[in-house]
Structure formats: C-alpha cells, structure tokens
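Comments concern the structure below.
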Amino acid sequence: MAVLLAIGIVLGFIAAFAGRWAAEGMAGTYDLRAVVSVSDSETTEGQNGPHTTHEILAVAENGRAIELPTGETFGLAEPVIARISSLTDRVLSVRGADAVVEAHHPGEKIAAMSIGGVLVILGGVVAFVAVRPVTTAKSLSFLAGFAFAAYVVLAPLGFGGTAYRESADPVPNLWEYRREAWGQPPVIGRGQTAVSGDSAVRVLDSLPEPPEGAEAWLSGFHVLALRIEAARLGDTALELSADEHGAPKRVKDCAGAPGAFDGTAGLVCFVVPQGYQPKYFVIGTLDRETLLTLQ
C-alpha cells in the first residue's frame, strides 16, 4: 500500500506540473503594466551554502498587487510589463526597459511534457504490475496519492497560487530620497544648455510615445522620448527625475528606432509609469548632477 501511495504521489506531481505547463502554453495571455514597489531579499545558510530568497511585489495600473518571479533583475520603482496566463493568472514573463525574465520557457515546457509523459507511462506500468490482482484498497491508495499531489500543485494554497496578492506597499518616491541624500543640485531653465563637468546637453523637443521604427515590445509601455544634442558627453549619465508614480528607465538605443542618440544628437527614450509627469532631465550624478527643467 505504501509503495502505491508513493507512486501515486510522484505521478500526481509530474502529471499536474506537466499538465499545467502545457495548458498555460496553449491558453491565452494578457499584459499588465506595473511598477515595482517592494524589493526585498533574505539570505540563509543551508547545507549547500547560502541561499537567497526574493520578495518582489509590484502595483499594477488597475491597483492590484502582483508578485514577480524576477529576483534582482528589476529595481525598486521600475516600470515593467507582466505577461500573465489567462487560464491560471500566473506570471509567464516580465519585461522591463533593458531585460526580460521568462518564467515559462518553451524549451522547459517541452522537456517537462516529454519527461512527464514518459514517467507517467512508466509509473502506470509499475502501478499496474504492483496492483495485480487489483483490489479496491490498492486502487484507492494509488488514487489518494495521485489526488493529494495534484491538489498540492494546483490548489491556490499550494504551488498553484496566482500572481495576485492582497496588497503591496505604495511605490516609493525615490526622487525625495535622492534629494534628502544628495541635496539640491543646480537647476537650469527649460530650453537652455545644462553643463555637468565637461559635458553639455540641451533638450530640443519631446515625444510622449514610442518613436517610429522602435521594436514592437516598446509600444506596450508608456514612453517619453527626448530629442537632445550634447557635447563631450562621454559616459555621463542621463536620467529622468522620478516621482510618486515611479522611476523612469532608459531604453538602450531607443529599442532600435532610427535617429537614436549617437553621442552628439538624437533621441533618448525612457519607459515611464502611468501618470508620470516629467519635471527634470538629469545630467550626471552626485556632485556633478545638473537638472534641466522640462516643464
């Protein structure tokens, strides 16, 4: 009986995981824009050395809290897009301005389905041999193990929980924290040239949408593109000021859009959170930081 119970548990886990993976792969999805509001980690010592667990929560545009399986990939207050299964409400992938985290790899799905199918067949053969002659008690023992494992995998209180959580902390205003830590830098008027060290930058105009010719994924975000000209920029940092809605994140080369900034002139693109109001274009960091007024 114990052997059949164990076989049922193993096969139940495999069948449930493989079945859910296959169903999520074939079912529809929906995208949800969100901003990371909690980014915590805890490191514990285990038998195989240190192990770090992460708690990453985000506030979606519809106000709901979601948990993201992204580790340290995305920073606090960063805008992201979570792709969620319409069937299970689990996160399948998360995209930010400069990275994508896949939680539902096609290769892993195929491997899980293939291995799971083979093991289910082999396990079924073993179970069939073990239960001969078939008795009600033996059948119930196997089915109990199978059902228990499947429930643990698929139930909301087990491994089958959705991405949604009851609540999350509000998105922090990183701009306030930055000003408290670094003080108030020089502020240059709109349309003027901002100087940071040897670098000089001027904003010519702005575009509140993805530039034409950018990669398709960028259209899923709220975007602000600035057309700038610069001299002796080098590796000087270029940012947008954050606010209570989140912290804009620069998109490398404007996601392939023609006319992206080449070091002297062109477009600089940022993904921004919903409701964001651009106040300053930030040139440089720390003691060389200069703010160029945008509004």
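Rank the residues V271, V101 as a footprinting-exposure proxy: fewest other Cβ atoms within 10 Å of their Cβ go first.
So the ranking, lowest neighbour count to highest, is V101, V271.
How many nm is it between the label spots at Q295 and T193, if each spot is 7 Å from the Cα in line with the beta carbon?
2.8
Sequence gap at least 6, Cα distance under 8 Å: using those rules, report the relative contact order of the range 174-293 to the nearest whole percent.
Taking the mean separation of contacting Cα pairs over the length of the range 174-293, I get 32 percent.
Positive end of the dipole of the range 202-295, charges at C-beta (+1 Lys, Arg; -1 Asp, Glu), about the Cα centre: which of Q277, L233, C254 has its Cα farthest in that direction?
L233
Between N62 and F148, what is 0.36 nm times their sequence separation minus the Cα-Cα distance? Round to one decimal in nm.
27.4 nm
Please report the net charge: other residues with Cβ closer than 11 Å to the Cβ of G259, K and R +1, D and E -1.
With Lys, Arg at +1 and Asp, Glu at -1, the neighbours total -2.
On a full-extension model of 0.36 nm per residue, what is the gain between K279 and A265, subtracting their alpha-carbon distance, rounded to one decimal in nm?
Gain in length upon complete extension: 2.9 nm.
Quick one: which residues, 5 or more positions from L240 or on another chain, have an amide H under 5 Å from its amide H? H modelled 1.01 Å from N in the peptide plane, none for Pro or chain starts.
Correct list: V282.
Using 7 Å Cα-to-Cβ label points, what is the E42/M26 separation (nm, one decimal)?
3.9
If you take every DSSP beta bridge fully contained in the range 174-293, what fraction is antiparallel? Give it as a percent rounded to 5.
The antiparallel fraction comes to roughly 90 percent.
Please sort by residue number the GluC sites (Glu not before Pro) in the range 1-99 whose DSSP state is loop and whose Cβ has at most 11 other Cβ atoms within 10 Å.
Answer by residue number: E72.
Roughly speaking, what is the centre-to-centre gap between the range 192-253 and the range 37-74 when only Cα atoms are used, to the nearest Å?
29
All of the numbers you see were taken from the coordinates with simple rules; none came from a lab. Owing to the predicted nature of the structure, the values given are computational and were not obtained by experimental measurement. Heads up, the Cβs are rebuilt from the backbone with ideal geometry, glycines too, and the neighbour counts pull from every protein chain shown.
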